[in-house]
Structures are given as structure tokens and as C-alpha cells.
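Everything on this sheet refers to the single structure shown next.
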Amino acid sequence: MSYIFGIKNYENLYLETALVKIAKRSNVGTQQVLKKSLFYIFFALSLFGVMGVSYVSDKLERSPVVTCNAPYGFFPTKNAKFYTYPEKIVLQPWRGQHHIYAVFKIPQGYQYEYLFRLKIPGEPIHCGGLVPVEENVIAGIPRKQGYYLVRGYLNTRIALNLIFQGKINQLQQSQNWQLGYVKK
């Protein structure tokens, strides 16, 4: 008998798989242990797959970029639709989110659309969401009798993309920002 690394009977040196060891301990066949192990592996993989798909779809669904194709964004009307341009445009992307916006005046008795359009020549039309303004005065824009103010926010990444393309002057021109409204 030879000794290898202090072990008699070198036939025991051959490595046995984990499945065979489990089968020997529990007096169950190797095939049954293999089936159980495969079931647990597939269950874990499917669980991680479902969780991954759920996570990705949640991220895509809550995308902050507003598309102009939204069915709720614009009023399809046969009546007269009016358009207004902003009284003030604020471009301060270095301050973070919600610092790129335009302030629009809407006459009382009129309903504004839920999205505004930003039309810059040579670019696709971009849209942004609107929020009514509660304050009486916004940085130099006094509220006129018979009008109310709404603030239209443009996504910061869209604005930064346009600024990096050298189109900051077009962003600051009020005729490129447009908001529609209709009689209530």
C-alpha cells in the first residue's frame, strides 16, 4: 500500500461530485437528487428572470422623457385652438432638475393642453409637462387680471443635449416654445 499525502488507499482520492455524496448520505438515487437540484436551479433562474424583467419594465415605464405622441397631451378639437408663447424662459441646468422651464400666461376661462412643444429648426419636436403656478408673482412676471400662469418643464437631458449642440440661442427664443389652449 502506498501513501499519498498521508492518505492510505489512494482510490478514495478520486473526487466525488456533490450529488453523489448527497445521494449516499440520504440513501436516495443519484437521479432523484439530480432532478431536485435542477428544479431548484431552474426555480432560482426563473425568479431572477422575472425580477429582472420587472425592474427593467419599471425603469422604462417611468422614463422622465415626455414624448409628443402621448394621446392625452394635446386636445383634438374642431373649435378654435389658440397658441401662446412664454413670458419668461429659465435655462439653468447646472442647478439640477426642474431648472429648465418656461412660464406661460393663459386667459381665464380657457384650458391649456397638457404638454407644450419646443420646435427648434433642424431638431425633432420636443415636448414637456406643465404645472399651474400658485404664486402671484414669479420673478418679475406680475399676474395680470384675467390670466393665470403655468410653468412648462423641459427635461434637463434634452436641454443639455441642445446646449452642447450649440443651440442655446434657439432655446432662449420664445417663438420656439408653444402652448395650445382652448375655450373650456
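The values are calculated or read from the model by the stated rules, or taken from the named source; none is laboratory data. Model, not experiment: these values are computed from the prediction. All Cβ positions, glycine included, derive from the backbone under ideal geometry; neighbour counts span all protein chains shown. Each accessible area value is taken on the protein alone, full model and side chains, heavy atoms only, with ligands, DNA and RNA left out. Shrake-Rupley method; radii C 1.70, N 1.55, O 1.52, S 1.80 Å.
A few remarks follow.
- Members of the stretch 53-71 that are assigned to a loop (DSSP other than H, G, I, E, B) and either surrounded by 10 or more Cβ atoms within 10 Å (Cβ to Cβ) or at pLDDT 75 or above (or both): PRO64, VAL65, VAL66, THR67, CYS68, ALA70
- Selection within the stretch 72-96 - assigned to a helix (DSSP H, G or I) and open to solvent by 60 Å² or more (accessible area, probe 1.4 Å): TRP94, ARG95
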